[in-house]
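Structure, as structure tokens:
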Amino acid sequence: KFRIVEHLQGVDSPEAYVMRVTRRRVEVEATSEAGLYYGMQTLLQMVDAEGRIPCGVIKDEPRFDYRGMMLDVSRHFYDVDFVKKQIDAMAAYKLNHLHLHLTDAAGWRIEIERYPRLTELAAWRTHHLWKDWWNGERRYVESDDPDSHGGYYTQADIREIVDYAQQKYITVIPEIEMPSHSEEVLAVYPELSCSHESYKDSDFCIGNEQTFEFLENVLSEVIALFPSEYIHIGGDEASKQSWKVCPQCQARMQQENLSTVDELQSYLIHRIETYLNTHGRQLIGWDEILDGGLAPRAIVMSWRGTQGGIYAAERGNDVVMTPMTLCYFNFYQTESREGEGLHIGGHIPFEKVYAWDPYAGFSEAAREHLIGVQCNLWTEYIKDMATIEVMLLPRLAAMAEAQWSTDRRDESTIRAKMETMRRFYEACGWQCAPYYFDGRK
């Protein structure tokens, strides 16, 4: 029996639930439909090989309001059905935010009606494999070219993904990269770059008002498609070199009394934040948005370690922790790398993720601004759907423990639980990495 109640004693979150299992019945109570849904996920995972469910009482609520996963669909494109399959896996682990990395040099992946060249040309490249394209001439080709590789989501596709995720209480967050990682945009709209030449720049020209007209027009269509409160604007790894010699950027700096190119980037972030805020949305970006001065309400996604997130939280901005050495699931799962194929480098085993305390280093005052935790799957070296799944599973289970559980369980407990989860993966048709289960180092 599943029912919504007005109040649950001993829990505070609207996503909480209480489950009572007796010899005769199962009863799940929650104050919201999301809570009931999460109770159902737990119940499904409790069933043993003989179809039995252990008796007892579970009172459960999440540690963090934001429990996320990022999927990079720019470096290699994945279709709607595959994205839905990953949403299913997220839902099983009670994650509630899917961050889609929709734009990058390797391909623009979302239809913008006002700028058709983004999907006619910037979504298609000369090589299927990112590595081959990146090490080559890095050219884009027309969508009807017989040798084109890539793809994009139509606006109807986006609505389908968003609707499917909402049914599983997951919010889809779009990422539109700026001011850098924008080679594909500047190849087809070179007037938005400092050089005004295709294939020359990766950063938008911040001195050019056309840049802001373009970004706001794109964001207006994005906002119409995604009900998410958060809109991710990237903000990472800008070279900023062209800004130092660009007459328009230098004029902007003089006009705005800016002394460094870091402050010029901050000018863009502040201006885009104002635009998003006026449309009822919140800006979220990688921790480089700290450079030159953080926008007042911006949410910082701390990836270069923990210090950026701690700094932002100390000054009162909300943060999502996603440090690269713990949360980048495109890293190898074993030290030996045996049988894992080619990946970007680094080593993040299941046990390391499971042992992580996201609050480490935060003062008591700053902890209230740590709103969540996210794992990221970048796909430069992940060309197929099967590899995506084995990179996520079973590490997604360890991440879910960090995101949801307030207590830290011991190794023997998680080992026993994961043997049950392996059977659950098989029943769901999900592929998982063998390394955690067969003891390979």
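The values are calculated or read from the model by the stated rules, or taken from the named source; none is laboratory data. Predicted model only: the values in this text are computed from it and were never measured. With ideal geometry, Cβ positions are generated from the backbone for all residues, glycine too; neighbour counts draw on all protein chains shown. Heavy atoms of the whole protein, side chains included, go into the accessibility calculation; ligands, DNA and RNA do not. Shrake-Rupley method; radii C 1.70, N 1.55, O 1.52, S 1.80 Å.
See the values below:
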item	result
Residue in segment 352-367 that is farthest from residue 393 (Cα to Cα), counting only those that are in contact with an Asp or Glu (Cβ under 9 Å, 6 or more places away or on another chain) and exposed (fewer than 13 other Cβ atoms within 10 Å of the Cβ)	365
Entirely in segment 230-322, the helices (runs of 4 or more DSSP H) that have 3 or more residues that are closer than 28 Å to residue 195 by Cα and either in contact (Cβ under 8 Å) with a residue 40 or more places away in the chain or among the β-branched types (Val, Ile, Thr) (or both)	247-255, 261-278
Test: residue in segment 256-264 that is in contact with a Phe, Trp or Tyr (Cβ under 8 Å, 6 or more places away or on another chain), farther than 22 Å from residue 190 by Cβ and surrounded by 20 or more Cβ atoms within 10 Å (Cβ to Cβ)	yes
Failed condition for residue 406, given (1) of a type in the set (Ser, Thr, Tyr); (2) touching a helix residue (DSSP H, G or I) at 6+ places or on another chain (Cβ under 6 Å); (3) assigned to a loop (DSSP other than H, G, I, E, B)	(2)
Answer residue from segment 120-164, given it is hydroxyl-bearing (Ser, Thr, Tyr) and touching a Gly at 6+ places or on another chain (Cβ under 9 Å) and is surrounded by the most Cβ atoms within 10 Å (Cβ to Cβ) among those	140
Criterion (open to solvent by 60 Å² or more (accessible area, probe 1.4 Å) and β-branched (Val, Ile, Thr)) met by exactly one of 348, 382, 344	344
Residue ID - least open to solvent (accessible area, probe 1.4 Å), chosen from residues in segment 170-223 that are acidic (Asp, Glu) and part of a helix (DSSP H, G or I)	184
Flag for residue 67 being open to solvent by less than 10 Å² (accessible area, probe 1.4 Å) and under 30 Å from residue 384 (Cβ atoms)	yes
Residues of segment 365-376 satisfying the condition of being in contact (Cβ under 8 Å) with a residue 60 or more places away in the chain and either farther than 15 Å from residue 400 by Cα or part of a helix (DSSP H, G or I) (or both)	370
Whichever residue in segment 385-406 is of a type in the set (S, T, N, Q) and at pLDDT below 95 and, among such residues, is least open to solvent (accessible area, probe 1.4 Å)	405
Filtered residues of segment 27-42 (kept if of a type outside the set (Ser, Thr, Tyr) and either without any contact (Cβ under 8 Å) to a residue 60 or more places away in the chain or part of a strand (DSSP E or B) (or both))	27, 28, 29, 30, 35, 36, 39, 40, 41
